[in-house]
Structures are given as C-alpha cells and as structure tokens.
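> Sharing a structure with you now.
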Amino acid sequence: MKKTLIRILIFTLVLSGVLPGFASAETIENKIENDTKTVGIEENTNKAYEVNVEKEFGVALEKDIEMAVEENSDEVNVTTKLEAENANIQTDMNINQETGEITVTGIRELENGEKEINHYNVLIEEIEGTDFKATFVDQKTGEHYKISTLEAQASIVPAIIVGVVAKFGIKWAIKKYGKKLIIKTFKKTAIKQAIKKVSKFSVSNKHLSNAGGRYRKFNTTSKSTVNKWIKEALQSKNLSFTINDNKKLSFVITANLKKKIGTKGETKIKIVIGWDGKIWTAYPIK
C-alpha cells in the first residue's frame, strides 16, 4: 500500500472560538497573508517535495492539521486531525474505488476526555473545481446534513464540524485525482443505479418521431422502446462514461447500439444521468 504523510503547519489567523470559527470557515479563506507556507510530503519511495499550502487548499488557519493518506487500487483513505482549543477532531474518510462509496468517521475528543464518534455516508452532489456540496448521512440516525465549501456553514452541530474538517481530505482527493477519481468512484454505482431507474424514466416527447421542431428524435413513438434502448446502452461493455458539463455532478453516457434508432439514421444514444443514477435525458446521436 502506498502511504503519504502530509503535515500542514499554518500560523496566520486567530480564530474567535474554534467551533464557530470552523462553522464559518469559508468566510475566513479569503484572509490569506502573503508569506508562503509549505507542506513536506514523505513517501515510502523516499521521494519528498514541498507544496504551497495557500495554493493547494486556499485556506489559512492558525491550528496544526495533520493529514495521512493511504491509497491502493481498491480504496483511498484520508485521515485528517485537528488539535483545537475546545476539542480535538479527527476524520477518517474512505473512498471505495470499486463501489464509489464514500464514508467518513468523525471522532471528537472533548475537553473532559470523552469521545464522540459518528459515522456518515457522504453523497457528493455538486463539484466546482475542488469545491463541492455534499450530504452527510448519519449511519445510525439517518439524519441528513448539508456540507458545502461553496457556501458558509451557519450551523455548528457536530456533523457540520466533522464535515468542515473532512472537507480538506475531500478537496485534496478531488485535486490530486481530478476527473479520473470522480469517474472511477462513481461509474459503476451510477450506471447500476441508472439501470434500476430506467423503468421510471419517461423520455421527453420532443425526442419522439412524431414531435415537431429540430430536436434529436428516436425513430419510434413508443417510450417503452426508448427505455429498452437506454437499458441496452447502460449494459453495453463499450459505453463511454464522461463528466457532464453541469454544476450538479452528473455524467454523460454514450453507446453505439449498432442499429438505427434515430430518424436520421443514428445508431448511437446519449444518456445524461445524475450522480445518483437518475436519468435526466436521452436522445440519439451520430
């Protein structure tokens, strides 16, 4: 297993209370001083280099953050530790590269020595650069918490605090692995969910052969036939899977069905699905 140890030493801003400060951490990120902060990265390959923290994370904090990363072909694990005045916080994030599942365990060690441990499933819903919006689902209670690096967090409930600390690991993973990681972690799950949801999809009437307008049209008026083609495409071994150009995380799937499915002789189909597998649209393409 490849291991990477990242220690981040940042001394710039004085936060007015650790928990409220982290709850509104996004409002702090613009207050960055001009001096350069660096991160030393040690790997088991004996390769070491420095990273500009301000450029890497776009954040300035007075507290020490330690991040340890372990990765292999099956999963990526990122542990982030923060030593704060009111509580020490550790988050363990796991990305299963086969299933696309992302989980976070948050451990808060309070001043009295007690520990609060919570486990969350993480559903990323929107990505802009390395910023994201996600829902943390408490595995025990089923409660949902919105975590965003695109907006300031107004709440300081434990899940939000854990999410704000865990965001460094998520942002790091998005930046390091980029689109390849997103595609790799979401592809199988998104397609699997899309196949299950085909029966609930109703193609827009404008894409049927009897519609007017200059739209891409299937050579049928039967929506059930279109759904049959969609399912066939989703089950194809030769499909193409790419990230859709949309603020909300979504994907474009194309497949050649090797038969005429469009009114202009098209044999390929384009399907757009959300990160959760919900089918947004489908139509024939050349």
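> Could you list, in their original order, any pairs among Lys179/Lys260; Lys140/Lys197; Lys237/Lys259; Lys146/Lys231 whose Cα atoms are separated by more than 25 Å? Before the final figure, lay out each step's value.
On the way: Lys179/Lys260 32 Å; Lys140/Lys197 27 Å; Lys237/Lys259 16 Å; Lys146/Lys231 32 Å.
Among Lys179/Lys260; Lys140/Lys197; Lys237/Lys259; Lys146/Lys231, the Cα-Cα distance tops 25 Å for Lys179/Lys260; Lys140/Lys197; Lys146/Lys231.
> At 7 Å along the Cα-to-beta-carbon direction for both Ser222 and Glu101, put a label point, then send me their distance in nm to one decimal.
Computed distance between label sites Ser222 and Glu101 equals 3.9 nm.
> Could you give the size of the charge dipole of region 201-285 about its Cα centre, using +1 on the Cβ of each K and R and -1 on the Cβ of each D and E, expressed in debye and rounded to the nearest 20?
My answer is approximately 220 debye.
> Then there is this: Under a plain spin-label model, where a point goes 7 Å from the Cα along Cα-to-Cβ, how far apart in nm are Leu150 and Val252?
It is 1.9 nm.
> Given a Förster distance of 35 Å, report the FRET efficiency between Asn72 and Glu114 from their Cβ-Cβ distance, rounded to the nearest 0.05.
For Asn72 and Glu114, the calculated efficiency is 0.55.
> Which order results if Val137, Val104 are arranged by neighbouring Cβ count within 10 Å, fewest first?
Ascending number of Cβ neighbours within 10 Å: Val137, Val104.
> Tell me the chymotrypsin sites (Phe, Trp or Tyr not before Pro) within region 197-234 that lie in a loop according to DSSP and have at most 11 other beta-carbon atoms within 10 Å.
none
We did not get these values from a lab; they are worked out from the coordinates using the rules stated. These figures come from a predicted structure and were not determined experimentally. In this analysis, Cβ positions are derived from the backbone assuming ideal geometry, glycine residues included, and neighbour counts consider all displayed protein chains.
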